[in-house]
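The next block holds one structure in the form of structure tokens; read it before the comments.
Nothing in this text is a laboratory measurement; each read-out follows from the coordinates by a stated rule. Quick caveat: nothing in here was measured; it's all calculated off a predicted structure. All Cβ positions, glycine included, derive from the backbone under ideal geometry; neighbour counts span all protein chains shown.
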Amino acid sequence: MTLRLRPHHLLCMLTYAGTGYTPAFTANMSAVVPRLGAGEEIEIVAGPDDICAPLLSEREPHCHRCSVIERDAAAAREVGALLGLAVAPGLRFCLDAPRIARLRQAFAAETIRSACRGCEWDQLCRAAAQAGFAQTALTPL
């Protein structure tokens with residue numbers, strides 16, 4: 001199968017450690033992240049993706065906010081430059097251990113983190129990176 005991801009979730013998956021917006025979101029993220037680590041194909045999408053799914057039933061899901069769309073644009077630029085890919089809707093690719101390592105190194109160095117500005121999870125993600133991603137769920141095969 002192919003996992004549909006919006007660009008800023010390429011950053012969120014790096015530091016995910018079992019915490020989320022709601023129990024349904026957390027359960028979904030806990031199911032999706034191992035699939036990414038196993039190298040399942042990713043398709044970049046605009047707007048809500050397979051990670052957002054549990055939040056879409058909310059009255060005003062944050063998935064549609066301008067700030068989230070801006071996060072996607074920033075993440076697409078920075079991750080694309082780092083990986084040498086045009087990160088845009090329709091792009092399909094897989095993550096492997098070397099790509100995950102490059103993403104983690106750049107995230108920890110804060111060179112691909114402009115999308116994180118103003119995010120409520122910023123401090124949690126910063127702490128995960130500073131701890132060497134030791135407690136995170138993404139484990140590349």
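What's the exposure ranking of ASP122, ASP50, going from fewest to most Cβ atoms within 10 Å? Intermediate values should be presented prior to the final figure.
Numbers: ASP122 13, ASP50 21.
Result, fewest neighbours first: ASP122, ASP50.
Free of any trypsin sites (Lys or Arg not before Pro) that DSSP assigns to a loop and that have at most 13 other C-beta atoms within 10 Å, the longest stretch within the chain is 1-58. Residue by residue, segment 23-38 carries 3J(HN,Hα) couplings of x, 5, 4, 4, 4, 5, 4, 5, 7, 6, 4, x, 5, 5, x, 7 Hz when phi is fed to the Karplus relation 6.51 cos²θ - 1.76 cosθ + 1.60 (θ = phi - 60°); x denotes Gly or Pro.
Note on the chain: along the principal axes its Cα atoms extend 39, 31, 30 Å, ordered by decreasing extent. Take every Cα pair under 8 Å whose residues are at least 6 apart in sequence, average their separation, divide by the length of segment 1-49, and the relative contact order is 68 percent. Net charge dipole, the chain: roughly 220 debye, given to the nearest 20, about the Cα centre with Cβ charges of +1 for Lys and Arg and -1 for Asp and Glu.
Label-to-label distance, THR139 versus CYS94, with points set 7 angstrom from Cα along the beta-carbon direction: 1.9 nm.
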